[in-house]
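No lab work stands behind these numbers, since they all come straight from the coordinates. This is a predicted model, so every value here is computed, not measured. Neighbour counts run over all protein chains shown; Cβ positions are idealised from the backbone, glycine included.
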Amino acid sequence: MRLDAESDTYTESQIIMTTVRIVAPFALTYGLFLTFHGADTPGGSFQGGAIIGSTILMIAFAFGIEPTRDWLANRTVVALAAGGTAVFTIVGLIPMLYGDNFLAHPFFEEQWGIDTKWGLEAIEIGGVAPIVAGVVMGMFFVIAAGFVVEEVDVDD
Amino acid sequence: MIETIRTVAIVGFILVGLFFTLVSATGVIRLPDVYSRAHTASQADTLGAGFALAGVALALGFSTTSFKTVLLLFFIFITNPTAAHAIARAADEEGIKPWTTDDDRTDADLYEEAMADE
Amino acid sequence: MSTTISQALQPAFATGEFITQVFLVSAALFMLLAIAMFYRAVKGPTTQDRVLAVNVLGTNTVVVLALLGAGLGEPSLLDIALVYALLNFLMAVAISKFTVERGGVL
Amino acid sequence: MSDNRTLVPLSASSTNRNTIEYAVRTALADGPATLRLVYVHPPEVHADDSREQAATDLLKRASVWANEDGEQFDAELTIETAQLGTDEYLFSPSDIADTIARDAIQTGANRVLFDPSYDPGIGAPLLRPLEYELARFDAFTVEEAPAGRSARRTPFLARTSLPQIGAIFVISFVFYQILAADPTYWFEIVTGVVSAAIVAIGLSQVTFTRNPTWQTPARLVRHTIYIPYLLKEIIKSNILIAAVILHPKLPIDPRMTRIRPAVWGSLPMTALSNSITLTPGTLAVRIDGRTLTVHTLVPAAREGLFAGDLERAIRFVFYGREAAEITSPEQRGEAELIDSTDEPSSWEQDDGAPTDAAEEERTDTEPPTMNETDEGDDT
Amino acid sequence: MSELFAGVLFAFVLAAALATAAFRDTLTVIVVFAAYSLGMALFYAFLLAPDVAMTEAAIGAGVTTLLLLLTLAKTVREDTDRLVERVNIPAVVVFGGLLVVMLATLGEFPAVGADDAMAWYNPEVTQHYIANAYDDTGVKNAVTAVLAGYRGFDTFGEAVVVFSAGVATLIVLNKEVFTRE
């Protein structure tokens, strides 16, 4: 048993950290690539969002969960998940404002000459991907924080 | 003629890849402890994958798609040794002692030790 | 652009039935080796052994996906292989933290 | 009787060892102390001896640990053990809390320390309610031992700077266009720029720890020489290892070794240790600052490692031709065979305990290095 | 030759599935389940469903294992000396009966991609999607066209379900993680 506080401290492995430093930008780029190309190639925003989330999980495992959460700020995670849902809803509601149906994509073409395709792209890129990425990260951080019964101040 | 050479080269690459993957599988099954198994897992397997992917790249010809196999290879070469290191490190952290030649512990003993540690 | 890519690739696969068969058979052989490696995942004895086996299986999957992509003439399978190439080491990294003090240092 | 008395309720838990260690360390920090280890029995329909025996064993083991840890300190440590609740029917958290509190007050304990996964065995994880109940008493403080060992982490974020963002942006954009396979289509350009911007702003702090310098291109060129060399080494030794593995007798002789390569900084160290791992027969197990613990499978691999060929090649890549001239680790006396990874290395006396990687990096006199893969651009 | 591959792959997936069910130790189960996920991704890829295979890859390799491991680290794991689960005889009997019934009907299924395959069971809808997806939406991936276009309502529901799952986790674990700054 190594007892003195110094050697007993757990230090992260440099090898793992450096590899994650290298791989993370590629993984994030690939996640974004899949998100943007859901319309034309296999894969899509769900998969892309999952990979974006995994990138953060990768960083969290290599550098520690608490520092990663501090870096990412809770606001980002919440904004991703909630913002994605909002974008999806708004894109769906716009045609309704003009008396068409919910999520009626052809409306955009008739009204403003925007290709139907961009309606689909909007809900995929702006909606599904952020929701999935945000929820993956969020669940990870919430589970990592563990189960806590009502906070009780036991110090006094 | 060139087609024939290419075909032979593809088959050759895949066979070499298969051979090294076979070595890796044999090593993973035969070797006595987690550290020595990690050797074959990270090495023979990486090389086997390398040769097999080279065969695929050759078949795809010079195109953007075959470039993807190079990317695959690049990432495998970065991540595989790291994974092996992570596993060996985990084993060391948990206090699993490496097997040595004067050691006659069997797999069953190692299992007992692992359970006792927990 | 998958259609354009696969169309562009058609000449490459025109080398014949033979090469296609080679890819499919070798994919099957790699799968056979995968079953052999899976033995270690079942046998253990330690968790590290199992993770190791699954890690090797992941590398194997990348290869099989590439071979299938070539054998079936479906280059998009290489994209799936790329996902594994990027994320396969995650479990090993996770387990390296997890087994230390039961996740106390996570 | 000393003033400093700590009560530690114990149950079957995997973190007991750490809790004891923590208890001893904190208790002895200011003078002699007494450690009282107690086991609280859960209510049971049929009282049997095996439970009591298990409790006795647990307490005995814990006292041995505590003694072991206590020897490291100058102050004197007294250890008491007790089993509580044998003649009562303890049902709720407050019952158990009362029992613990009564014992603490009777014995004059001024601190109650819980194991983080303490479970008195009445069917639910009750640590929080227990702590809450115990907080009512003023006679002692309630504390929970930290789970596991404390982890020391280097701050993983560097200060961001324009060259870093630029470098990541370029790498990410190039990677994106390779994937997209059609860089002339406007959609690819726009989304590529957006993605690269997100990646650059998001991860530039993570990926780089230093600014890329003018040396970076030179290293890139040297990398292209290194890769074929590494491939040759890998194939050469792979054939060797394949022969060993397929040999019917399996003639392996695994040993742990430790080397301190003359390589500085985390990227060169990672490049070296990954190269070591990729070369068959050697596997990097631990890395502490500059000290690498390497598992070797066969004697031939060991000799190769001690001769330091890979190390020389890495030095060539990162520091140029002159640096390649340093002698091998064996000649420097920085390579050894070890039996256990816990034993200190023979060169540790020279420079104290193995220091944390980051500190070592900071005190480096070597040229600062770019902490990102140069190979990244090769893709 | 593709039958050969399918056969070997099937054996692998079957072995992985059985191992996942049989092991008792949760940690072991999680690790073995990752192997099963690899096999399933290969199966989807082999059956030319790259979208599904991609999902299995991204979720299986990245998310599931890590979340399960994390949950295990944060909860109490039952220590056990037994390696495998005890076999529950009545369950095996019921399952065996079900298996026999299912295998008996298997022979009646049309081959993959056959003219009378299930995919054509509702020919008007299927044909309509295949014929008009590109013209209607301008999207080349028919899967996306169906998911985000024709079936947009459904996808909206799914997206909301994913979001709700995140919120539910937050509520169940009673955390103030996301309210403190």
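Can you tell me how segment A:5-145 classifies by the Cα gyration tensor, rounded, prolate or oblate, using a/c under 1.5 as the rounded cut? Prolate. Take each residue of peptide D:168-177, count the partner chain Cβ atoms within 10 Å of its Cβ, and average: the result is 3.
Ranked by the mean number of other Cβ atoms within 10 Å of their residues, highest first, the peptides D:242-255, A:36-49 come out as A:36-49, D:242-255. Counts of other chain beta carbons within 10 angstrom of each beta carbon in peptide D:191-198 average 4.
For a straight C-alpha distance cut-off of 18 angstrom, the lysines reachable from A:Lys117 (same-chain residues fewer than eight places away being disregarded) are E:Lys140. Decide, for segment E:1-108, between rounded, prolate and oblate: order the square roots of the alpha carbon gyration tensor eigenvalues as a ≥ b ≥ c, take rounded if a/c falls under 1.5, and otherwise choose prolate if a/b is larger than b/c, else oblate. Cα axes put segment E:1-108 in the oblate bin.
Computed from the C-beta positions of A:Met96 and B:Phe19, the FRET efficiency with R₀ = 45 Å rounds to 0.10. Taking 7 Å steps out from each Cα toward its Cβ at E:Glu158 and D:Ala12 produces label points 4.5 nm apart. At 7 Å along Cα-to-Cβ for each site, give me the label-to-label distance between A:Glu110 and E:Val87 in nm. Going by the 7 Å Cα→Cβ label model, 6.4 nm. In the elastic network of chain E, a GNM with C-alpha springs shorter than 10 Å, the most mobile of E:Phe43, E:Phe33, E:Phe153 is E:Phe153.
Efficiency by 1/(1 + (r/R0)^6): what FRET value for D:Lys60 and D:Thr107, r their Cβ-Cβ distance, R0 = 22 Å, to the nearest 0.05?
My answer for the efficiency is 0.70.
Among the lysines, which have Cα under 24 Å from the Cα of E:Lys74 when same-chain residues fewer than 8 positions away are ignored? Cα-Cα hits under 24 Å: C:Lys97, E:Lys175. For segment A:97-133, the set of chymotrypsin sites (Phe, Trp or Tyr not before Pro) satisfying both a DSSP loop assignment and a count of at most 14 other C-beta atoms within 10 Å is given as A:Tyr98, A:Phe102. The per residue volume of the convex hull around the alpha-carbon atoms of segment B:2-117 is 97 Å³.
Exposure proxy shown here: for E:Val84, D:Val142, the number of other Cβ atoms within 10 Å sets the order, fewest to most, as E:Val84, D:Val142. For trypsin sites (Lys or Arg not before Pro), no site in segment A:15-117 is both called loop by DSSP and has at most 10 other Cβ atoms within 10 Å.
Apply 1/(1 + (r/R0)^6) to the Cβ-Cβ distance of A:Thr76 and E:Leu4, taking R0 = 35 Å, and write down the FRET efficiency to the nearest 0.05. After rounding to 0.05, the efficiency reads 0.10.
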